[in-house]
Amino acid sequence: MVKNNQMKNDIKLLCLILGGLAVNLGGAWLAKAFSLPIYLDCIGTIAVAIMGGYFPAIIVGFLSNFISGFSEYSNAYYSVINVLIATFASAFASKKYFKISWKVIIPIAVLTLCGGGLGSFITYGIYGSSIGEEISSSLAYKIYDGFIHNEYLAELLASLIIDLPDKIISVVAAMGLAKIIPDKLLPPRTILSFKQAKITGLSLSGKVAIVLSTAIVAVAAVVSYVSFKQFEDSNLEQESRYARDIAEFAAQYINPDMVDTYIKYGDDKAAYRMTEKKLELVWGSSPRIEYLYVYQIQEDGCHVVFDIDTPDMEGADPGDLVAFDESFSEYIPALLAGEEIEPLVTNDTYGWLLTAYVPVYDSEGNCKCYVATDIAMPDLVANVKIFAFKMVSLLLGFFGAILATGIYLANRVVVDPIKSMSGVTREVDYSTPDARIRTIEKVKSLGIATGDEIEDLYRAFYRSAKNTNNYISDAERKADTIEKLQTGMINIMADLVESRDQSTGNHIKNTAAYVEIIVNKMMEEGIYKEQLSEGFKRDVIASAPLHDIGKIVISDVILNKPGKLDDDEFEKMKTHTTAGDQIIDSVIHSVDEADSGYLMEAEEMAHYHHEKWNGTGYPVGLKGEEIPLSARIMAVADVFDALVSKRSYKDGMPFEKAMGIIKEGSGSHFDPNIVKAFVDSEEEVRKIAEDRNNR
């Protein structure tokens with residue numbers, strides 16, 4: 001569910017960004033198409049700032065200029081303006097300035113300063129006074145001529161005057177968009193989402209590397225494109241000047257008063273041949289000059305005066321007519337009028353060329369012809385390609401160095417501290433007091449002091465480790481107290497029962513000791529290892545004193561009878577097993593099942609400790625492993641203690657004889673494996689028995 005919601009929010013965020021881009025680019029196109037004296041290129045940025053916050057607004061602002069830069073690369077220089085507009089608009093939106101009519105004045109004023117003020121500064125820095133901003137240039141000149149005789153201040157004031165109505169319209173339009181778009185279509189207004197997408201299989205260092213690489217590549221792409229376009233334009237401008245200089249140099253050899261004669265008579269005139277020789281020297285002065293020719297432009301086309309590079313080509317003789325190429329169509333009126341035109345790039349009949357036209361005027365100011373120089377564009381393109389290759393090579397080197405430096409610094413201040421905390425977390429051990437102390441010491445030894453949120457996280461982690469240790473230690477102390485209280489209560493209950501039976505003495509203590517000896521030996525020898533565990537051992541030993549709890553329902557007359565019980569009395573005595581089962585079962589139902597482990601063993605032990613291996617015991621007649629393991633263990637301990645103990649109706653049996661009876665009962669009365677463990681523990685058993693006799 002969380003992933004689905006996050007995906008929906010991501011889709012909404014993407015749609016918001018794309019929508020903002022469309023509004024910005026559409027507005028800019030509209031303003032340009034209708035020659036409006038405003039820009040309309042930040043409506044989407046402001047609207048997204050109001051609806052989505054900083055992150056999407058900044059992305060929209062930057063990408064708007066970046067995308068428009070493909071058609072006019074100088075737009076990329078102004079991306080900082082849109083980014084600032086996004087930042088300020090988001091800040092004002094967070095303070096509800098766009099929802100209170102009179103407060104809207106403040107964001108309009110600030111955004112105007114960003115657009116007009118910073119825009120004029122960038123324009124002046126790149127182009128000089130009143131060159132880059134076509135909309136405000138004429139107004140700037142009027143202000144300059146009128147009352148502010150400072151080029152920059154005139155440009156600044158003109159930009160602010162032009163930008164104010166643009167920002168008023170943009171803010172109003174953005175507020176309208178934000179009002180009509182339903183909130184359910186918008187992502188949460190936040191910079192970052194805490195439910196971030198997983199990138200599985202990558203460490204934090206790897207993710208940092210991806211983020212840095214993406215950022216570096218994006219920056220490198222923008223810088224490369226702008227640098228490439230600048231270099232291309234610079235080379236084009238340089239080649240244009242060169243072509244014009246060649247054309248102007250060649251034009252000095254043309255006698256305008258002789259042009260009509262040259263067209264009519266051509267090389268029949270000595271003056272023509274002399275001029276042609278001079279032009280050939282100019283053409284041959286540099287391999288960069290592809291063509292050098294002189295045309296007289298008339299309504300019907302280009303009349304050849306000189307064609308230095310192609311004297312043998314058809315249509316290249318003096319007086320021949322060369323049709324206009326389509327690429328010249330927009331310049332024909334200016335050429336027919338004898339006006340100067342900027343060098344132009346064409347790719348038609350004669351190839352891909354940069355052409356500079358220089359008019360030649362007669363003494364009366366009439367344009368008699370144009371001297372034209374063609375520079376081959378492939379040479380220029382080759383230079384640009386070489387520059388691009390060098391730039392990419394250089395950027396690749398910087399990319400590696402910056403990436404390595406970024407990863408190193410990120411590791412030092414972010415990744416390594418987090419990784420060290422993560423490593424300690426994986427090694428956390430609260431199982432014993434010593435382990436807990438070691439854990440806290442490990443956390444303390446990290447000593448993270450980054451002075452930021454990571455240090456705050458580390459301090460919280462350290463406090464949590466100490467608090468956890470204190471909590472567990474306190475819980476263990478309480479659990480130990482409860483366990484002692486529980487054991488004491490069990491023993492008191494068992495003593496109460498035993499105190500009614502004047503013949504049993506320390507029976508519950510002795511049987512508990514024998515049970516512990518048997519269980520330890522069984523675990524040592526691997527007997528029933530699939531059933532035996534530390535938990536089983538703890539529960540069996542704890543519940544051993546309750547094995548005769550059922551005797552509480554037996555009459556004192558029967559319990560303390562000095563002689564042997566008759567059949568009826570024995571039948572009543574046998575009921576102590578089922579009575580014990582019922583008593584403990586009622587206790588189990590009154591406590592949490594998670595805390596009743598030892599009671600479960602106590603119930604089985606009380607109920608079945610008089611069952612026999614061969615099935616002849618009571619109260620059910622179970623046999624073999626049908627009898628619970630705890631009851632089979634207690635059977636050996638109970639019978640042995642009864643044999644060696646002195647009762648009102650008998651003396652205690654010698655140790656060896658009692659041990660012999662236990663051995664004889666192996667496989668009939670007792671579980672053979674348990675008898676083996678008991679016999680193998682003879683020395684420990686003897687010590688318990690002798691201590692009893694000495695009391």
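Derivation of every value follows stated rules applied to the coordinates shown; laboratory data play no part. Since this is a predicted model, take the numbers as computed values, not measurements. Please note: Cβ atoms are built from the backbone with ideal geometry, for glycine as well, and neighbour counts cover all protein chains shown.
Specify whether the C-alpha gyration tensor of the stretch 529-569 places it in the rounded, prolate or oblate class, a ≥ b ≥ c being the square roots of the eigenvalues: rounded for a/c under 1.5, otherwise prolate if a/b is larger than b/c and oblate if not. Mind dumping the intermediate values first?
On the way: a/c = 4.48, a/b = 3.03, b/c = 1.48.
Here the stretch 529-569 falls in the prolate category.
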Checklist line | Ranked packing of 509-517, 89-97, 177-185, most packed first, by mean Cβ within 10 Å | finding: 509-517, 89-97, 177-185
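Work out the length of the dipole vector of the stretch 2-195 about its Cα centre, built from +1 on the beta-carbon of each Lys and Arg and -1 on the beta-carbon of each Asp and Glu, and round it to the nearest 20 debye. All intermediate terms of the calculation are to be shown ahead of the outcome.
Values: 14 positive and 11 negative charges, 267 e Å.
Once rounded to the nearest 20, the dipole reads 1280 debye.
Out of the stretch 611-695, which chymotrypsin sites (Phe, Trp or Tyr not before Pro) are coil in DSSP terms and have no more than 16 other C-beta atoms within 10 Å?
Values: sites: 613, 640, 649, 655, 670, 678; in loops: 613, 649.
For chymotrypsin sites (Phe, Trp or Tyr not before Pro) across the stretch 611-695 that sit outside H, G, I, E and B with at most 16 neighbouring Cβ atoms in 10 Å, the list reads 649.
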Check: P(r) for the stretch 27-110: what percent of alpha-carbon pairs falls in each 10 Å bin, starting at zero?
Finding: 19, 46, 29, 6
Item checked: Environment charge of residue 462, counting only residues whose C-beta is closer than 12 Å and scoring Lys/Arg +1, Asp/Glu -1 -> +2
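So, with +1 on the Cβ of K and R and -1 on the Cβ of D and E, and no other charges, what is the size of the charge dipole of the stretch 595-675 about its Cα centre, to the nearest 20 debye? Working shown, then result.
Numbers: 8 positive and 13 negative charges, 100 e Å.
Roughly 480 debye for the stretch 595-675.
Quote the relative contact order of the stretch 2-195 in percent (integer), defining contacts as alpha-carbon pairs under 8 Å separated by 6+ residues.
Numbers: 277 pairs, mean separation 48.4, N = 194.
Once divided by the residue count of the stretch 2-195, the mean separation gives 25 percent.
Below 8 Å, C-alpha to C-alpha, sequence gap of six or more: please give me the relative contact order for the stretch 213-332 in percent. If you can, show how the numbers build up before the last one.
On the way: 103 pairs, mean separation 21.6, N = 120.
Relative contact order of the stretch 213-332: 18 percent.
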Check: Based on the alpha carbon coordinates of the stretch 501-694, what radius of gyration and maximum Cα-Cα distance (Dmax) apply, in Å?
Finding: 16.0, 45
Check: So for the stretch 2-195, Kirkwood radius off the Cα pairs, Stokes-Einstein at 4 °C and 1.567 mPa s: how many µm² s⁻¹?
Finding: 76 µm²/s
Margin query: Please compute the Kirkwood hydrodynamic radius of the stretch 238-383 from all pairs of different C-alpha atoms, in Å with one decimal.
Written below: 15.2 Å
Margin query: Shape verdict for the stretch 541-612, please, from the Cα gyration tensor: rounded (a/c under 1.5), prolate (a/b greater than b/c) or oblate.
Written below: prolate
Check: In debye, nearest 20: dipole of the stretch 238-383 around its Cα centre with unit charges on the Cβ of K, R (+) and D, E (-)?
Finding: 540 debye
Check: Which one of 180, 62, 154 is farthest out on the positive end of the charge dipole of the stretch 2-195, using unit charges on Cβ (Lys, Arg +1; Asp, Glu -1) and the Cα centre as origin?
Finding: 180
Next item on the list: Order the peptides 438-449, 359-370 from the highest to the lowest mean number of other Cβ atoms within 10 Å of their residues.
Entry: 359-370, 438-449
Margin query: Can you work out the Karplus-derived ³J(HN,Hα) for every residue in the stretch 556-566? Use 6.51 cos²θ - 1.76 cosθ + 1.60 with θ = phi - 60°, whole Hz, and x for glycine or proline.
Written below: 4, 4, 6, 4, 10, 5, x, x, 6, 6, 7
Note to self: As I understand it, the dipole of the stretch 560-674 uses +1 on the Cβ of Lys and Arg and -1 on the Cβ of Asp and Glu, about the Cα centre. Which of 580, 633, 643 lies farthest toward its positive end?
What the structure shows: 643
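Beta carbons within 10 angstrom, averaged per residue: use that to sort the peptides 421-427, 301-307, highest first.
301-307, 421-427
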Check: Of 247, 323, 291, which is farthest on the positive side of the dipole of the stretch 238-383, counting Cα position, with +1 on Lys and Arg Cβ, -1 on Asp and Glu Cβ, and the Cα centre as origin?
Finding: 247
